[in-house]
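Taking it in order: structure first as structure tokens, then the write-up.
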Amino acid sequence: MKQRLLRQLPKMDDLLGHPGASGLLESHARTQVVAAMRDILDRIRGEILSDVRLTDVTTDEILWETEKALAEKTAYRLRPVVNATGVIIHTNLGRSLISDRTMDHVRDVATRYSNLEYNLEQGVRGTRYAHVESLLQSLTGAQAALVVNNNAAAVMLALSTLAFGQEIVVSRGELVEIGGSFRIPEVMKLSGARLVEVGTTNKTHPKDYRQALTDRTGAILKVHTSNYRIMGFTKEVPVEDLVELGRETGIPVVYDLGSGTLGDLGNAGLPPEPTVRQQIAAGIDVVTFSGDKLLGGPQAGVIVGRRDLVDAMKDNQLTRALRVDKMTLAALEATLIDYFNEDKARHEIPTQRMIFALPEELHARAVALRESLAHPEHIDVAACQSQVGGGTFPLDHLDSWCLSIAPENESAQSLSERLRNREIPIIARIAGDRVLLDMRTLTPKDEDTVRQALDELVR
Ligand SMILES: *Cc1c(COP(=O)(O)O)cnc(C)c1O
């Protein structure tokens, strides 16, 4: 039996010469087809030898399996999903969305040649950073700006430029770990500076900083502990005191703002978040923040601050290694232009729109979506709470509305799995025996996807 089946295994040359293989060889490189066929032959041989396989082997089967394997391999792994969790800046689901209008600009710039590093007025070499620098100057009040790949890179570049081989003074209460295991102390080490911790976890006083400053100090670092809060008996040194200390000693003060908002989020019902402009106005020398957290742009790290310090960063060789792509610059440029009109930013930038969406509006959308369903019987419109996410506002919630589904003959877990396993996966939240779909993080396109899914899955 075994011998007979093994003899049925076709030779590679015969497989490749088979008329049924011509289509495969037209749409894929020969080496890829050969590799896929070899994997399949090896697997079947193994099955025969271990007596798992008892049926005849045919060439058609191998060709069909090869086609399937190649189709799977060449399908996109990175896929759109529907974020129905209500967590706006969802770290696992791509953080901030980019608007279609912003993507139009990215497409224009990336599918054609551009003036990325070309000065059109003078017909000479230009710099890629110039395109967003003046926008950032206007929006933050800073003298100069630079953009790198992400905020982690921005912090490292700033510290490495200002304090390589020297010391950086930072409060013990601010030695945080951000999602994705970005640890402030580790980044400081990578920048080539020595970390000098001052104060205690819950309290740091101005004199703690003062005592730690020496002629070896390269920078004073302040970190916005955006993703957690120490409550109770606490004290952090106000920005103004740090600025004064920096002025007195001539040591630059760097503030890693993390989420970095350009506008006030108070109207959305959130507590005050330090804006970039406020920190620059208060006299902070260098502020760094993320492009794809509260700003709602592409992944990027923005550095704004004193001209001489930012220029030194531009000259640092690290900048070349951390430099942003033209697509990032195009997306950031379009996002920043939206901020010249705050109302527009709140409508055009998906992250901002989701933060500022009013509960009444979300309720109306939930009702309309429910009414459009073929089988709304087991689905309610219910109040729920959304989160900003991205390590921001850890204790705060935004009032929202959701579709709340009590599945008939299955658990909430099972329904949420079926939602997740669709061609366009829908990521939901479970509360008790219900599956919740928060309206706040659904785009209009997502609502169509959700409608179709619920019509098929919930009857
Ligand atoms: C998020 C965050 C970072 C890291 O920013 P990325 O853009 O993710 O690299 C650094 N510092 C703080 C305070 C943050 O909140």
Specify the residue that is farthest from the ligand (Cβ to nearest atom); the eligible residues are those in the range 393-443 that are within 18 Å of Pro376 (Cβ to Cβ) and among the small types (Gly, Ala, Ser).
Ala406
Between a first residue in the range 266-277 that is closer than 22 Å to Ser138 by Cα and a second residue that is aliphatic (A, V, I, L, M) and surrounded by fewer than 14 Cβ atoms within 10 Å (Cβ to Cβ), which pairs have beta carbons less than 7 Å apart while being 6 or more apart in sequence or on different chains?
none
Looking only at the range 109-125, count every residue that is under 32 Å from the mean Cα position of the chain (by Cα) and either of a type in the set (Asp, Glu) or part of a loop (DSSP other than H, G, I, E, B) (or both) and tell me the total.
7
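Give the number of residues within the range 106-134 that are in contact with an Asp or Glu (Cβ under 7 Å, 6 or more places away or on another chain) and surrounded by fewer than 21 Cβ atoms within 10 Å (Cβ to Cβ).
Selection size over the range 106-134: 4.
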Condition broken by Ala153, with the remaining ones in (1) surrounded by fewer than 16 Cβ atoms within 10 Å (Cβ to Cβ); (2) more than 23 Å from Leu245 (Cα to Cα); (3) not polar (S, T, N, Q) satisfied
(1)
When Ala357 is evaluated against the numbered criteria (1) loosely packed, with under 14 Cβ neighbours inside 10 Å; (2) within 15 Å of Gly296 (Cα to Cα); (3) not polar (S, T, N, Q), which criterion, by number, is the only one it fails?
(1)
Answer residue from the range 295-325, given it is within 12 Å of the ligand (Cβ to nearest atom) and more than 14 Å from Ala145 (Cβ to Cβ) and is farthest from the chain's Cα centre (by Cα) among those
Leu322
Matching residues, the range 299-323, being surrounded by fewer than 24 Cβ atoms within 10 Å (Cβ to Cβ) and outside any helix (DSSP H, G or I)
Gln299, Arg306, Asn316, Gln317, Leu322, Arg323
Looking at Ile168, Ile98, Ile88 in this structure, which one is within 16 Å of the ligand (Cβ to nearest atom), touching a residue at least 24 places away in the same chain (Cβ under 8 Å) and in a loop (DSSP other than H, G, I, E, B)?
Ile98
Flagged in the range 373-392 as within 16 Å of the ligand (Cβ to nearest atom) and aliphatic (A, V, I, L, M), in numbering order, are Val388
Are there any pairs, at least 6 apart or on different chains, whose C-beta atoms fall under 9 Å, with the first in the range 184-195 and among the small types (Gly, Ala, Ser) and within 15 Å of the ligand (Cβ to nearest atom) and the second at pLDDT 80 or above and part of a strand (DSSP E or B), and if so, which?
Ser191/Ile168
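Per-residue answers, yes or no, for (1) closer than 21 Å to Pro444 by Cα; (2) buried (at least 18 other Cβ atoms within 10 Å of the Cβ):
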site	(1), (2)
Leu54	no, no
Glu67	no, yes
Ala71	no, no
Thr74	no, no
Arg79	yes, no
Thr85	yes, yes
Ile88	yes, yes
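Per-residue answers, yes or no, for (1) acidic (Asp, Glu); (2) crowded, with 23+ Cβ neighbours inside 10 Å; (3) within 30 Å of Ala152 (Cβ to Cβ); (4) out of contact with any His (no Cβ under 9 Å at 6 or more places or on another chain):
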| residue | (1), (2), (3), (4) |
| --- | --- |
| Pro376 | no, no, no, yes |
| His397 | no, no, yes, yes |
| Ala406 | no, no, no, no |
| Glu417 | yes, no, no, yes |
| Ile426 | no, yes, no, yes |
| Ala431 | no, no, no, yes |
| Val435 | no, yes, no, yes |
| Pro444 | no, no, no, yes |
| Glu447 | yes, no, no, yes |
Find all pairs meeting these conditions: Cβ atoms under 9 angstrom apart; at least six residues apart or on different chains; first residue within the range 245-261 and within 18 Å of Leu336 (Cα to Cα) and within 11 Å of the ligand (Cβ to nearest atom); second residue among the small types (Gly, Ala, Ser) and assigned to a strand (DSSP E or B).
Leu257/Ser290; Gly258/Ser290; Ser259/Ser290; Gly260/Ser290
Consider Val170 against the criteria (1) more than 30 Å from Arg420 (Cα to Cα); (2) at pLDDT below 95; (3) surrounded by fewer than 21 Cβ atoms within 10 Å (Cβ to Cβ): it satisfies all of them except one. Which criterion is unmet?
(3)
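The values are calculated or read from the model by the stated rules, or taken from the named source; none is laboratory data. It should be emphasised that the depicted structure is a prediction, and the values quoted were computed from it without experimental measurement. We place every Cβ from the backbone using ideal geometry, glycine too, and count neighbours over all the protein chains shown.
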